[in-house]
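Okay, structure first, notes after.
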Amino acid sequence: MTEAVLPPIGMLAELTHRCPLQCAYCSNPLELLKANREMATEDWLALFDQAADLGVLQIHLSGGEPTLRQDLETLVRRLSDRGVYTNLITAGVGIREGRIDDLARAGLDHVQISFQGAVAATTEKIGNYRDAHVKKIGTAEQVRAAGLPLTINAPIHRHNIDEIPAFIELALELDAERLEIANVQYAGWALLNRNTLMPDRAAVERQVNVVREAQERLHGILAIDFVTPDYFAIYPKPCMGGWARDAFMVAPDGTVLPCHAADTIPGLVFDRFGEKSLADIWHGSSAFNAFRGTDWMAEPCRTCDRKEIDWGGCRCQAMAIAGNAAATDPACIKSPLHARMAALIEEATTSRQDVFHYRRIARSMADHACDATEA
Ligand code: SF4
Ligand code: FES
């Protein structure tokens, strides 16, 4: 039976694709938008008003690097005035002294800073940015001095998986409330770099033990969220909490998408804010309705007792691995293609391809082939 469409709770606003870092694990699309494709301040303000009217309670301000938007304080102030909780997701480099205070005064509620490594050499290599680590530490100190809660985000892959104990120490030293140990999701640039980023099974098993032990030991001191690696799982995660169920994202040009990789699914048509209202898109967009609820599911999901737990997993992963966005996510042990995950791990870890295709704006796929750097 088709369920009523409830209002969204969360929204990811990719304010810009510009970024000083070039992380090879980035989940942004390969075709990044230049600054001249970004929505103007007034458009973002109108979109945020409509989001608040629609029922959105929290907005993650992301990118790219959202602090490259000089109007960020204006955007935060509007959201704060509308009672929407704001989380700034930043790489934490190139932020001028006093900017975090300005954002706190504008009403910012929370800051999340990504660290590409727990030590300077790894952070600089993965992000391809000199002095990134020390700059991030400086930004984290500004966040705490401004009285804002801080989350450290650690995107995990083969090149930093053994730094997890050091990530935990770093989060404690920086007085963070929360550490997110987030195994890389293979979409966008991360999918392009999958063979370089995939950890081996022994390293994944080690990390599970380290994280579980730390979660118990630091209970009440540091909250540790653990985003486990899909390729090693037996059941998939409910990607985005279920397709168009309670969250969505907006690209820098105002394209409204159910998730960050939805445009890799052929045949879906995405609406742009301004051409339609946010309410019309949330309720009526053909792309949002394509995989909403459970009616679209085939077996084994259709009769599975987990179908309203994981909502069939990730449509974009099904597209990337099964070649069919309506298939059961191959991360699921019940998928006839589940063995493909193990084969992809094997392929990646035996090839030990150690070149990074660094994230860049306005590079064609032909360029990616010759834009590789030894890891
Ligand atoms: Fe989830 Fe479908 Fe697997 Fe069931 S069969 S656990 S609903 S992905
Ligand atoms: Fe699109 Fe998971 S990234 S549904």
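None of the figures in this text is laboratory data; all of them are computed from the coordinates on show. Fair warning: this is a prediction, and the values are worked out from it, not measured in the lab. Positions of Cβ are generated from backbone atoms using ideal geometry, with glycine treated the same way; all protein chains shown enter the neighbour counts.
Taking every C-alpha pair closer than 8 Å and separated by at least 6 residues, the mean separation divided by the residue count of the stretch 10-232 gives a relative contact order of 20 percent.
Using the Cα coordinates of the stretch 240-335, the gyration tensor eigenvalues translate into equivalent-ellipsoid semi-axes of 25, 14, 10 Å, sorted from longest to shortest. Expressed to the nearest 5 percent, the antiparallel share of DSSP beta bridges inside the chain is 15 percent. Comparing Cα centroids, the stretch 253-274 and the stretch 184-221 end up 29 angstrom apart. Placing +1 on the Cβ of every Lys and Arg and -1 on the Cβ of every Asp and Glu, with nothing else charged, gives the chain a dipole about its Cα centre of roughly 420 debye.
Taking 0.36 nm per residue of sequence separation and removing the Cα-Cα distance, the E141/R340 pair yields an extension gain of 67.2 nm.
Annotation: average projected area of the stretch 1-115 is 8.7 square nanometres, based on the convex hull of Cα atoms across all directions. The relative contact order of the chain comes to 20 percent, based on Cα pairs under 8 Å that sit 6 or more residues apart. Semi-axis lengths, largest first, of the ellipsoid equivalent to the stretch 293-361 are 28, 15, 9 Å, with √(5λ) applied to each eigenvalue of the Cα gyration tensor.
Electrostatic tally near L257: other residues with Cβ closer than 12 Å to its Cβ, Lys and Arg +1, Asp and Glu -1, net -2. Summarising the overall dimensions of the chain from its C-alpha atoms, the Rg and Dmax are 20.0, 56 angstrom. In the distance distribution for the stretch 10-232, Cα-Cα pairs more than 29 Å apart total 26 percent. Restricting to lysine pairs 8 or more places apart or on different chains, what number in the chain have Cα atoms under 15 Å apart? Within the chain, the lysine pair count is 5. Here the stretch 102-227 yields Rg over Rh of 0.98, to two decimals, using C-alpha coordinates and the Kirkwood radius.
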